[in-house]
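Beneath this line is the structure, given in structure tokens, with notes to follow.
Just so it is clear, none of the values below were taken in a lab; they were calculated from the coordinates. All values derive from a computational prediction rather than experimental measurement. So basically every Cβ, Gly included, is an ideal-geometry build from the backbone, and we count neighbours across all protein chains shown.
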Amino acid sequence: MRARGPSAILLLVPAGLLLLLLFYLPQVLMLAVSLGRRSAYGTVVRDVSLANYLRAVEPLYLHILWRSLLLAAATTVLCLLIAYPVAWWIARRAPARWRNVLLTLVILPFWTSFLVRMYAWIVLLRSEGVVNLSLGALGLPRGELLYNDFAVLLGQLYGELPFMIVPLYVSIEKLDPTLLEAAADLGADFWQAFRRVVVPQTMPGIVAGCILVFIPSLGAYLAPDLLGGGKTAYIGNLIQSQFAVARDMPFGAALSFVLSILVVLLLFLFRRPLRSAQAL
């Protein structure tokens, strides 16, 4: 039975206060900072202006934002291509008694700090690391695997892959196998059944996984900083450097808001696919 009247409002109060204190209030404070300017000593001067936002849309910073979008898109696409077969195998092929164990292995990396995991990749990819030593032992030429775009993409792929596997697994597990049998009876081959039956039925998991991967990847800074060696600028690194290095908090806050607005616009543009997925 649905709660009505004052009782329903009281039930919403704790969640509303939590959102207010942990989300809306910090956003308001960041907005106020973004409208100020940096003093000579790195403090914030309350001088209301849009100068930081005008600076944020200069060609240099738009190029960095575009590079970050490409990184997030590549990470999302690769995660989807890798995660779908893995989620399918766990949900449809693995023995039922092993599925929880396999899902635990998928999320096991989250038990370790992301920073520690990125340092582990440095050990693996550096010139005298495990991968290059193994290549040398096999008589294969060693490569420059660290401090480049390949290393950044690899680190992002490793870090975000579980966020794609889990929602895909949930959607695939709910898939009615009789639909595949009906498609086969109607003469559909594997790819036709996959395209016309499996993909539409698992679209909620695809959409959820893409959102969970794309948004964090867009603002990522640890993998680009540690695995990329700071050679290529991404929006996450740029924002972090404005707060921690340049001490230009107003400009860093403005960049953060530009990034947030971009994410909201992308979600707005894809609202129809999102609603279609939720209706399935």
Measuring from label point to label point, each 7 Å out along Cα→Cβ, what is the residue 188 to residue 32 span in nm?
-> 5.6
Kyte-Doolittle mean at least -1.0 and Cα axial length at least 27 Å: DSSP H helices in the chain | 59-88, 149-173, 249-269
In what sequence, highest mean first, do 178-185, 87-94 appear when ranked by Cβ atoms within 10 angstrom?
-> 87-94, 178-185
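At most 13 other Cβ atoms within 10 Å and a DSSP loop assignment: could you name the GluC sites (Glu not before Pro) in the range 116-176 that fit?
Qualifying residues, ordered by number: 128, 144.
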Taking R0 as 41 Å and r as the Cβ-Cβ distance between residue 149 and residue 13, the FRET efficiency 1/(1 + (r/R0)^6), rounded to the nearest 0.05, comes to 0.30
Under the rule rounded for a/c under 1.5, else prolate if a/b exceeds b/c, else oblate, using alpha carbon gyration tensor axes a ≥ b ≥ c, the range 4-111 is classed as oblate
Per residue of the chain, what 222 nm ellipticity follows from adding -39500 (n - 2.57) for every DSSP H run with n ≥ 4, rounded to the nearest 500?
-> -21500 deg cm²/dmol
Would you mind classifying the range 217-275 by shape? Square roots of the alpha carbon gyration tensor eigenvalues, ordered a ≥ b ≥ c; an a/c under 1.5 is rounded, otherwise it is prolate if a/b is larger than b/c and oblate if not.
-> oblate
Label selected from (i) 23.1, 75; (ii) 24.0, 82; (iii) 17.4, 60, the criterion being Rg and Dmax of the Cα atoms in Å as computed here = (i)
Say the dipole of the range 124-280 comes from +1 at the beta carbon of Lys and Arg and -1 at that of Asp and Glu; which of 215, 251, 138 then lies farthest toward its positive end?
-> 251
Rounded if a/c is under 1.5, else prolate if a/b is larger than b/c, else oblate: which is the range 170-255, with a ≥ b ≥ c the root eigenvalues of its Cα gyration tensor?
-> prolate
Can you give the FRET efficiency for residue 67 and residue 20, using 1/(1 + (r/R0)^6), R0 = 35 Å, r = Cβ-Cβ distance, to the nearest 0.05?
-> 0.50
